[in-house]
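The values are calculated or read from the model by the stated rules, or taken from the named source; none is laboratory data. This structure is a prediction, so every number in the text was calculated from the model and none was measured. Because the Cβ atoms are built from the backbone with ideal geometry, glycine has one as well, and the counts that use them run over all protein chains shown. What goes into the accessible areas is simple: the full protein's heavy atoms, side chains included, and nothing from ligands, DNA or RNA. Shrake-Rupley method; radii C 1.70, N 1.55, O 1.52, S 1.80 Å.
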Amino acid sequence: MNSLSEYLIADEPHYYATGSEIAVFEQAHREKLPLMLKGPTGCGKTRFVEYMAWRLQRPLITIACHEDMTAADLVGRHLLNNDGTHWQDGPLTRATRAGAICYLDEIVEAHQDTVVVIHPLTDARRLLPLERNNELVHAHPDFQLVVSYNPGYQHFAKQLKESTKQRFVALDFQWPEPAVEAQIIVAEADVDNHLAETLVTLAAHSRNLVGKGLAEGFSTRMLIHAARLARNGLGLRDACLSALILPITDDVTLRATLLQLFETCR
Amino acid sequence: MNAETDQIQRSAELWFAAWLGERASCQWIDCQTPASARASFAQNKFRLPRHNPAHHRASVAHFYAHARFGGAPFAVGKFRPIQIVLTSLFEDARVEQLVLRERPGLRRLWAPYIDALHLQTRTKESDDVAALLRRLAVALFDPAWPNNNPWVNKARRLFYARESEWQNPALSRELGNLLGNDLGQMRLQFNWKSYVVEPAYRDDHRGLWIDDDEPPPLEEQQAGICPDREATRIAAAPIAGDTSARRSEIGDWLIAGAAPVLAPATLPEWDYARQFYRAAWVSVREQEPPREAPPEAVARLLEMSDAALPSYRARQHAANRRRHRRGHDGDSLDLDACIRNIADRRLGQHADMRIYRRLIEQEQPGSLLILIDTSLSMGAPPALATMADATVRADPSALDHAKVATLQMVEHTTRSGNRCAIYGFCSDGRHALHMAPVKNFSDNYSSWKILTRLAGLSAAYSTRLGGALRYARKLLADEPAAAHEIFVFTDGEASDIDTVDPRYLREDACQAVHELQRAGIEVEFINASAPAGIKSIKI
């Protein structure tokens, strides 16, 4: 039995609950139901999963999905050594055997053909067939699959298949209310409320520019980065430029617009 | 439009979107007298004078103040023009002062205009009403501004004494009424027709008023009335007996703001009979993006996209994948590479560890413009000949098929790293080639947004194909990608109400295709009305 003790989260992650998401996660875990988290990037999905893994005292294996990811990257593959080949479990198989929470971040980035490998794990069977290894892995009772994706900027092709979607219990994450988002920034970056509110106001403008040159507006995570830079003595203008405006776009006009918007915020 | 104007316009549009988001739309107006042109708004539609780029940022921030703190339009009632103007000035000051509490940085944006006005009041010292109104605008913006006119001081004192009531728009009306009566008693003449709102970044005040005691119906308030419709309604409203001349004057003022002078783009057209191009023959009316369709229409398209053309997606997917061998990682072991690896090791030689194989996507960078024929004939199901048949059966129309295929094509194109734009087109004679932008190249819309906009395209009018292709070429001209391609979903019937010869527009379309081919732009026509579904056609 793999213990996966290195994947246990020792310290409580800071998480600000905005609804019934903790209760939903706990019930889903108890009932062995897979969970889907929807929401824009940087709104707290991954932090929430970390918090729940800590709360439930389960190891957390996170897999960042991408276009080139294959089923073998999830379940495992044969490797070559001096004696021939041997089987190496992938992260999903390890989590399935050891009863970890397996978190597939941005699942729609993976090809739909790859994603179907999770189907037998996410219904009543809770099995993971390893065809290339001729093995059938029964999921540990504490195993739970959690996936996330951002429905906002994905292409139509990157929707989940209907047969995949309907296996999950879902939670919808959105940007927190301005006052709550400011509180999160204050707590995470240890800055005063006025600075946090200025950043939240600027973020609201950037979120209005989605589809006008920005794929996404400033995330809460980006705002925290800017606040942390400003906390240590960097001017707020430079902090916003480095943590918000420069990372999000290379478009000169858009950058100038965001900078001028910043100037109106204070 | 040159590149510099284009850049200024884009910058202003970004600024507008950042402040007002998707709840409002921005339109450009070409004015005959740029110096006195002012921005304007009606409900959630905002219009900016194209020729005054210096004012755009300040104007949009002022719009935001109205959108954030403004109330329902004031009813004209028995107000005289001077009271309308004064109420509007107080309203401008009220919403600006409120927004400055939240956004003190906006003072830096507006202050230069107030300073310029201040300078004007010093150099042109006069006590006519226009000069008093300029002074009032400065005094309300800046409570510390030194002023020696008793009427202006009274107005400022009253406004700032009731700061606790600034949240209530009725305050503006009350003060406008009161100060207007004072001016009346001073026997000063006010020439409303020559009056221009100052400072220059502010709107023309028309959006603050409605020439009717009755508020607009709730459904119109929610839907957002277009200025033209609103103007028509105002013009048709009954006017009370002895005030009819005054009300007519106010009605004219409101209507004048709803008729901007728009300059349409023009295109040439090929006359095959005379073998020459008719210069500036076709006028292009670029429309606003289609309204997002109701959920049931979107759901219908979604259902079609899953069921109607499953093989299209699979074919494209397969065509763009290739097997990559001899990789350091991959889906499975490459048997030949493994055998070579073992053999090399047994021979004591260096063994190549690239023993895996996988399927990878091929990339085809380029810019693709999809044109969708939205003429009336596209509204019929593919197998049916007429719209009359279509009303009997509820089968998906050729336009529906085109929308679904477009959606799938966009998904595939953008996924491959290509840029993509979508336009619907139809024509109502040569003076009205309607081009409806569903998505521009620079728009980074989600698939859902594209889907809802596509669903909002409806079938109407005729097909002036050649003009649409030439306009597409203009749209592609600024695209940086090396490869340009145009896909046209159509039923292949180029025709319009002002052409009798069926060959005329067909020949023009052929000529337009040759022009595109000479420019290195590939064109592919897809017959959306083929009974068996989507098929390529040659023109």
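Using DSSP, restrict attention to beta bridges with both residues in chain A and report what percent are antiparallel, rounded to the nearest 5. Percent antiparallel among DSSP bridges in chain A is about 35.
Rounded to the nearest 500, the 222 nm mean residue ellipticity of chain A from helices alone is -11000 deg cm²/dmol, with -39,500 (n - 2.57) taken per DSSP H run of at least 4 residues. Computed on protein heavy atoms with a 1.4 Å probe, the accessible areas place A:R97, B:R419 in the order B:R419, A:R97, largest first. Take each residue in B:11-22, count the other chain C-beta atoms within 10 Å of its C-beta, and the mean is 6.
Among the listed pairs A:K212/B:K403; B:K45/B:K449; B:K45/B:K439; A:K45/B:K45; A:K38/B:K474, those with a Cα-Cα distance over 31 Å are A:K45/B:K45; A:K38/B:K474. Rounded to the nearest 10 square angstrom, A:D172 shows an accessible area of 110 square angstrom against a 1.4 Å probe. Summary of the geometry: segment B:404-453 and segment B:170-209, compared by the centres of their Cα atoms, lie 45 Å apart. Inter-chain Cβ neighbour count for A:204-211, averaged per residue, equals 5 (cutoff 10 Å, partner chain atoms only). What shape does segment B:9-142 take by its C-alpha gyration tensor, where a ≥ b ≥ c are the square roots of the eigenvalues and a/c under 1.5 counts as rounded, a/b above b/c as prolate, and the rest as oblate? Taking the square roots of the gyration eigenvalues as a ≥ b ≥ c, segment B:9-142 is rounded. Using alpha carbons only, how many angstrom separate the centre of segment A:128-144 from the centre of segment A:190-250? Taking the Cα centre of each part, segment A:128-144 and segment A:190-250 sit 44 Å apart.
Toward the positive end of the charge dipole of segment A:111-255, with +1 on the Cβ of Lys and Arg and -1 on the Cβ of Asp and Glu, the farthest Cα among A:I185, A:A239, A:W175 is that of A:W175. Using a basic spin-label model with each label point 7 Å from the Cα along Cα→Cβ, how many nm lie between B:Y160 and A:L33? Distance between the two pseudo-spin positions: 6.2 nm. Comparing A:I101, A:I185, A:I22 in a Gaussian network model of chain A where C-alpha atoms under 10 Å apart are linked, the largest mean-square fluctuation is found at A:I22. B:Q349 to A:A64: FRET efficiency via 1/(1 + (r/R0)^6), r the Cβ-Cβ distance, R0 35 Å, to the nearest 0.05? Approximately 0.40, to the nearest 0.05. The charge dipole of segment B:39-147, taken about its Cα centre with unit charges on the Cβ atoms of Lys, Arg (+1), Asp and Glu (-1) only, comes to about 360 debye. When the inverse distances between all different Cα atoms of segment B:393-473 are averaged and flipped, the Kirkwood radius reads 13.7 angstrom. Within a straight-line Cα-Cα reach of under 20 Å, A:K32 can be paired with the following aspartates and glutamates, leaving aside sequence neighbours fewer than 8 residues apart in one chain: A:E21, A:E50, A:D105, A:D123, A:D142, A:D172. For peptide A:250-262, the mean count of partner chain Cβ atoms within 10 Å of a residue's Cβ comes to 4.
Every pair of different Cα atoms in segment A:53-106 enters the Kirkwood calculation, which places the hydrodynamic radius at 12.4 Å.
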